[in-house]
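What follows is one structure encoded as structure tokens, with my remarks underneath.
Every number here is computed from the coordinates shown, using simple stated rules; none is lab data. All figures in this text were calculated on a predicted structure; none of them were measured in a lab. Please note: Cβ atoms are built from the backbone with ideal geometry, for glycine as well, and neighbour counts cover all protein chains shown.
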Amino acid sequence: MKIAIAKGDGIGPEIMDAVLEIFNAAKVPLDYQVVEMGKWVFDKGYTNGMTAEAKDTIEALGILFKGPMETPKGKGVKSINVTARKTWNTYANKRAFQTLHGVDTVFSKAGIPIDLTVIRENIEDTYGGIEHMLTHDVAISRRIISKPGSEQVIRYAFELAKQKGAKRISCGHKANIMKLTDGIFLNSFYAIAKEYPELNADDIIVDDLCMKLVTRPDIFDVLVLTNLQGDIISDLCAGLVGGLGFAPSANIGDNICIFEAVHGTAPDIAGKNIANPTALLLSGIAMLNHLGLTGSAATIENALLYTLESGKHTGDFGDRSTPSLNTTAFAEAIISNF
Ligand code: NAD
């Protein structure tokens, strides 16, 4: 089986090389085709951030495993990541957040386990960037929420909750204020909930959700939200389990799926070989499970968890009194635990 790889910008090549080294050591039965995609490709004059050959390859292979990509600066220039999600209609963004032993947080220290999945709508909302000036000092942004767009991501969230064996699925929203747009999303949620009587479906206003997540994250199981609210909530959830270095994500479409870390290119530490590859590795493990390579996924996940539990860490987390490992040494520590 072959998949497309885009190493990305900033720390992208460093963490992708570390993850592929782990995959190769675990003898993951995949072939890789590296494609040209990222800010460095945009700089060569490709305004969507990828060559035509890269686009064809990704469409033929159906799976893209990517490093973070820098958003080019300038008016009217769209994020390469958002462009990719729209081009291939990856309508659901799945982010799983779990307590990782060896990664200390206020909740792990208090013995409160976290096992949360956030499904964020990935195409609609304000992410079309449709904005204009109404007068010289008033700007307008358009927010598009459709019933079909809401239904496809909500149905995916219910299916995932069923597979996960979740008891509770909650819709985060602001339909009390945005009655039409969030109203469509919330009504779609309850319409689809009728098809899943085995799941407890409820809703929660997004500001209340923020407060409850930081006080009792263990009461939630699967959350589904519109694009912007989901983006913010999922970064909040990353903080609950130790930060962006531990947050994987999958962009799910019917024909193409993109697996990537939640974090960005970390320009402040790029080129230093100190970035934490865990989020990309967890995204890779999710990709292996998605492809049915569950044995390889389990081998790598167990080695990662053992490495974290044994106190090995990159400089962004862990016990400050023990020396940190660089990206390459951290990958080697994981490999030594197979
Ligand atoms: P960022 O996530 O790159 O960095 C935020 C902070 O977290 C920085 O201090 C950084 O050093 C740290 N950090 C991030 N990942 C880390 C890792 N793996 N190990 C250790 N520390 C890590 O966010 P930013 O600085 O706002 O964005 C930088 C660029 O990345 C921007 O151009 C942005 O558009 C882009 N971005 C891309 C994606 C993506 O490709 N999916 C996602 C978010 C941001």
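A few points about this structure:
- Inter-probe distance in nm under a simple model that places probes 7 Å from Cα toward Cβ, at N48 and H101: 4.6 nm
- Ranked by the mean number of other Cβ atoms within 10 Å of their residues, highest first, the peptides 108-119, 146-157, 216-227 come out as 216-227, 146-157, 108-119.
- Potential extension, D254-K167 segment - 0.36 nm per residue separation minus Cα distance: 28.7 nm
- Given K44/K86; K86/K179; K73/K179; K94/K174; K44/K94, the pairs whose alpha carbons are separated by over 24 Å: K86/K179; K73/K179; K44/K94
- Additional length obtainable on full extension of the chain from L134 to Q33, 0.36 nm per residue less Cα span: 31.7 nm
- Across region 284-336, Cα-Cα pairs farther apart than 12 Å form 65% of the total.
- A Förster radius of 35 Å combined with the Cβ-Cβ distance from S146 to S321 puts the calculated FRET efficiency at roughly 0.10.
- P(r) of region 130-189 over all Cα-Cα pairs, binned every 5 Å from zero, in whole percent: 4, 17, 19, 17, 15, 11, 7, 5, 3, 2, 0
- For the chain: relative contact order, % (alpha-carbon pairs under 8 angstrom, 6 or more apart): 23 percent
- Whether region 157-280 is rounded, prolate or oblate, judged on the alpha carbon gyration tensor where a/c under 1.5 counts as rounded: prolate
- Whole-percent pair-distance distribution, where bins are 10 Å wide, for the alpha carbons of the chain: 5, 25, 34, 26, 9, 1, 0
- Hull shadow area, averaged, region 72-117 [alpha-carbon convex hull, nm²]: 5.5 nm²
- Highest average packing first - 281-290, 135-144, Cβ atoms within 10 Å: 281-290, 135-144
- Cα gyration tensor shape of region 48-131, rounded if a/c is under 1.5, else prolate or oblate by comparing a/b with b/c: prolate
- Efficiency of FRET from Cβ geometry, E195 and T294, R₀ 25 Å, rounded to 0.05: 0.35
- For A270, net neighbour charge (Lys/Arg +1, Asp/Glu -1) across residues whose Cβ lies under 9 Å away: -2
- The chain: antiparallel DSSP beta bridges as a percent of all, rounded to 5: 50 percent
- Prolate/oblate/rounded label for region 220-294 (Cα gyration tensor, a/c 1.5): oblate
- By the helix-only formula, in which each DSSP H run with n ≥ 4 contributes -39500 (n - 2.57) and the sum is divided by residues, the chain has a 222 nm mean residue ellipticity of -12000 deg cm²/dmol.
- Counting Lys and Arg as +1 and Asp and Glu as -1 over every other residue whose Cβ lies under 10 Å from the Cβ of F107, the net charge comes to 0.
- Label-point separation, I112 to D235 (7 Å along Cα→Cβ), nm: 2.2 nm
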